[in-house]
Structures are given as C-alpha cells and as structure tokens.
Amino acid sequence: MVVRGVYPGRFQPIHWGHVNVVKWALEKVDEVVIVIGTAQESHTLSNPFTAGERVVMVKEALKEAGVDMSRIYIIPVPDILMNVVWVKYVAMYTPPFRYGIARNPLVVRLFKEAGYEVLVPPPYNREVYSSTKIRTMMLIGDETWRSLVPQSVAKFIDEIKGIERIREIAGRD
Ligand SMILES: Nc1ncnc2c1ncn2[C@@H]1O[C@H](COP(=O)(O)OP(=O)(O)OP(=O)(O)O)[C@@H](O)[C@H]1O
Ligand SMILES: NC(=O)c1ccc[n+]([C@@H]2O[C@H](COP(=O)(O)O)[C@@H](O)[C@H]2O)c1
C-alpha cells in the first residue's frame with residue numbers, strides 16, 4: 001500500500017524551509033500530498049498570490065530541488081469556518097493518507113483529533129525561512145528575499161509582477 005503524508009501550508013510564497021520539509025517527509029513516506037491552504041484568498045498582504053500561482057511556484061521549486069515529482073501531489077483547498085471538520089474536508093480533496101505533516105500546533109491538533117498520526121519536521125532556519133519575512137522584504141524593497149526561495153520561484157514572481165502587486169496593495173508606489 002502506498003503510504004502518503006498530507007502537508008498543508010499557505011505557501012505565500014514557498015521558500016527553502018518548505019522544500020526541506022518535503023525532502024525530509026519523502027524519506028518517511030512514499031508520496032507527499034501538498035495542500036495549498038487558504039486557496040480562496042489572493043491579492044492581500046498576507047496572501048498575495050492566487051492558488052494557481054502557488055501551484056506553479058510549488059511545482060517549480062520542487063523540480064529545481066531535484067524532487068521526484070511522480071511522488072508529489074499539489075492540491076489547493078479553500079478554508080472553511082469549522083476547524084472540527086477541516087481534516088475530514090481536506091481528506092475529501094486528497095488521495096487517502098496515513099500521516100499529517102505539520103509544525104503549526106493547530107494543524108497538528110486537528111490531524112490528531114481526526115485520528116491521524118502526525119510527522120513533525122524539524123525547523124529549517126526558521127529565523128529566515130519564513131514567508132512572512134519574505135513578504136515584508138518584498139514590500140520594503142529588500143532584495144535578500146531572493147536568496148530565501150528557489151530561483152525558479154523568484155523568476156515566476158518577477159514574471160507575474162508580484163512585487164508590484166504587493167506594493168500596490170499596500171498603497172506604496
Ligand atoms: N523553515 C521551516 N522549517 C520547518 N517547517 C516550516 C518552515 N517554514 C514553515 N514551516 C511549516 O510548514 C507549514 C506551512 O507553513 P506556511 O506556508 O504557513 O509557511 P510560513 O513560512 O510559516 O508562512 P507565514 O509566515 O506566511 O505564516 C507549517 O506547518 C509551518 O510550521
Ligand atoms: N478551518 C480551516 O479551514 C482550517 C483549519 C486549519 C488549517 N487551515 C489551513 O491550513 C493551512 C495551514 O497552513 P499554516 O500551517 O501555514 O497555517 C492554512 O491555509 C490554514 O488556513 C484551515
């Protein structure tokens with residue numbers, strides 16, 4: 001039987017910390033199902049990128065890192081108002097899975113309450129590999145964000161004029 005782990009995140013945007021988590025998980029499971037959460041949201045400061053844009057970035061990032069893409073699913077899932085039934089709802093969108101993969105305490109708890117085992121990855125340079133920090137750098141024009149994401153992700157953000165979007169949303173020019 002194929003053993004799968006479900007890894008939810010907002011991936012706004014995906015960074016090297018996320019890529020390391022996926023590689024770590026692939027040592028423990030046959031397939032990783034990446035759930036792009038909060039799929040309904042885009043064009044805000046916390047969620048600047050659409051679900052579809054995030055699908056591209058996740059795919060490109062993992063390809064660039066040499067991950068075997070035949071072991072990866074990427075599935076966008078919108079949020080719902082009921083935490084209690086969220087894991088069941090996620091399971092409706094994903095292939096059958098054995099493990100949740102998360103560090104976020106709420107997500108860990110919800111997987112456990114729903115009867116799933118949880119794989120908790122180590123923190124990978126969390127002080128810098130943080131999407132919040134990356135978005136702040138994008139906003140203030142600090143170019144070091146580029147070193148925190150795979151090159152293909154930075155290239156895609158340039159193509160869709162992502163920095164311009166974030167700065168406009170924030171009312172900066
Ligand atoms: N550097 C990292 N090392 C290990 N786990 C991480 C790292 N960054 C994020 N994670 C974990 O990956 C999952 C998804 O994270 P998420 O997409 O929210 O990234 P984030 O960097 O925490 O984003 P944000 O700052 O926008 O909340 C969460 O369980 C989170 O704890
Ligand atoms: N009730 C819900 O819809 C619900 C509950 C828990 C997590 N989630 C989502 O799962 C993802 C988890 O990612 P983070 O660990 O980055 O928060 C987020 O998109 C979050 O909104 C949704």
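Derivation of every value follows stated rules applied to the coordinates shown; laboratory data play no part. Values in this document were obtained by computation on a predicted structure and should not be read as measured data. A quick note on method: Cβ atoms are made from the backbone with ideal geometry, for glycine too, and the neighbour counts reach across all protein chains shown.
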Going toward the positive end of the dipole of segment 4-169, with +1 on Lys and Arg Cβ and -1 on Asp and Glu Cβ, which of S147, V118, Y7 do you reach last? V118
For the chain, what is the charge dipole size about the Cα centre, in debye to the nearest 20, if Lys and Arg each add +1 at the Cβ and Asp and Glu each add -1 at the Cβ? 340 debye
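Which FRET efficiency, nearest 0.05, do R71 and R167 yield, Cβ-Cβ r, R0 45 Å?
Values: r = 37 Å, r/R0 = 0.82.
For R0 = 45 Å, the calculated efficiency reads 0.75.
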For segment 1-120, what does the alpha-carbon gyration tensor say about shape, rounded, prolate or oblate, given a ≥ b ≥ c as the root eigenvalues, a/c under 1.5 as rounded, and a/b over b/c as prolate? oblate
Given a Förster radius of 25 Å and the C-beta distance between A91 and K23 as r, what FRET efficiency does 1/(1 + (r/R0)^6) yield to the nearest 0.05? 0.55
Which of the aspartates and glutamates could a cross-linker span from K88 if the Cα-Cα distance has to be under 13 Å and same-chain partners fewer than 8 positions apart are dropped? D79, E113
For the pair V128 and V3, how long in nm is the line joining their label points, each one 7 Å along Cα→Cβ? 3.4 nm
When the chain is modelled as a GNM with alpha-carbon springs shorter than 10 Å, which of P122, P48, P105 fluctuates the most? P105
Per DSSP H run of at least 4 residues, take -39500 (n - 2.57); add these up for the chain, divide by its residues and hand me the 222 nm value, nearest 500 deg cm²/dmol. -11500 deg cm²/dmol
With axes computed from alpha carbons, what is the tilt in degrees of helix 131-140 against the longest principal axis of the chain, rounded to the nearest 10 within 0 to 90? 10 degrees
According to a simple spin-label model (label point 7 Å from Cα along Cα-to-Cβ), what is the distance in nm between R109 and N83? 0.5 nm
With springs only between Cα atoms under 10 Å, which of K161, K28, K133 fluctuates most in a Gaussian network model of the chain? K161
Taking the chain as a Gaussian network, where each spring joins two C-alpha atoms under 10 Å apart, which residue of R135, R71, R126 fluctuates the most? R126
